[in-house]
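Q: To start, I am sharing the structure in question, which I have written as structure tokens.
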Amino acid sequence: MLKQAEGIVIRTRDYGEGHAIVTLFTREQGKMAVVARGVKKTRSRLASLCQPFTHGQFLFFQTSGLPSLSQGEVIQAFQGIGRDLLSTAYAGYITELVDRLTGEREPHPGLFAQYLLSLQAIENGADCQIIARIMEMKLLMAAGYTPQLTHCSKCRAGE
């Protein structure tokens, strides 16, 4: 069955000689892995779609195992992030947090929107450190670890 999802590439791993397993963070289905067949070949039409930080519309064939990526369309490539080492480092850090603190196939539409806004802000030259702290707070809240900022959690001073 063919399915469509808007997502951002958070990781790509080699799979065999010409294939790759691409991990997407999608608005509709959360974090999911898909197989991109033939993506490492020079004439692959999916190569640009499978680059890290690529925001796109993905069409994949759902089977009993891993879904197979059949086609897609790049919405935003975030090429500016790749040109600056500091931006790349912070975008990679945020992406790693999203990857580690979200479960497979658990939709987080609000978190997806925040992640996309963070990448757009880094692309547009915003302070990467501030963006990273905001994403840390959002991800901690989504994971159930909301920090107590109104009073001391040990002695309750400030209540």
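Q: Among the residues of region 13-27, what is the count of those that are under 17 Å from Q76 (Cβ atoms) and open to solvent by 20 Å² or more (accessible area, probe 1.4 Å)? Spell out the reasoning first.
A: Restricting attention to region 13-27, the residues satisfying the condition of being under 17 Å from Q76 (Cβ atoms) are 22, 24-27.
From what is left, the residues that are open to solvent by 20 Å² or more (accessible area, probe 1.4 Å) are 27.
Counting residues in region 13-27 that are under 17 Å from Q76 (Cβ atoms) and open to solvent by 20 Å² or more (accessible area, probe 1.4 Å) gives 1.
Q: Would you confirm, using the coordinates I've provided, whether T54 is closer than 25 Å to I131 by Cα and hydroxyl-bearing (S, T, Y)? Walk me through it before giving the result.
A: On the way: closer than 25 Å to I131 by Cα: yes; hydroxyl-bearing (S, T, Y): yes.
Yes: the conditions hold for T54.
Q: Could you check region 54-145 for helices (runs of 4 or more DSSP H) lying wholly inside it with 2 or more residues that are among the hydrophobic types (A, V, I, L, M, F, W, C)? Step through it out loud before you land on a result.
A: Details: elements: 79-83, 85-101, 109-123, 128-143.
Because the criterion is at least 2 residues that are among the hydrophobic types (A, V, I, L, M, F, W, C), the helices (runs of 4 or more DSSP H) in region 54-145 that meet it are 85-101, 109-123, 128-143.
Q: Looking at (1) free of Cβ contacts under 8 Å to residues at least 60 places away in the same chain; (2) in contact with a strand residue (DSSP E or B) (Cβ under 6 Å, 6 or more places away or on another chain), which is the one condition that is false for Q62?
A: Evaluating Q62 over (1) free of Cβ contacts under 8 Å to residues at least 60 places away in the same chain; (2) in contact with a strand residue (DSSP E or B) (Cβ under 6 Å, 6 or more places away or on another chain) leaves (1) as the failure.
Q: OK, next. Could you tell me whether A33 is over 21 Å from L101 (Cα atoms) and among the hydrophobic types (A, V, I, L, M, F, W, C)?
A: no
The values are calculated or read from the model by the stated rules, or taken from the named source; none is laboratory data. Owing to the predicted nature of the structure, the values given are computational and were not obtained by experimental measurement. Using ideal geometry, Cβ is built from the backbone for each residue, glycine included, and neighbour counts are taken over all protein chains shown. Only protein heavy atoms, including side chains, enter the accessible area calculation; ligands, DNA and RNA are left aside. Shrake-Rupley method; radii C 1.70, N 1.55, O 1.52, S 1.80 Å.
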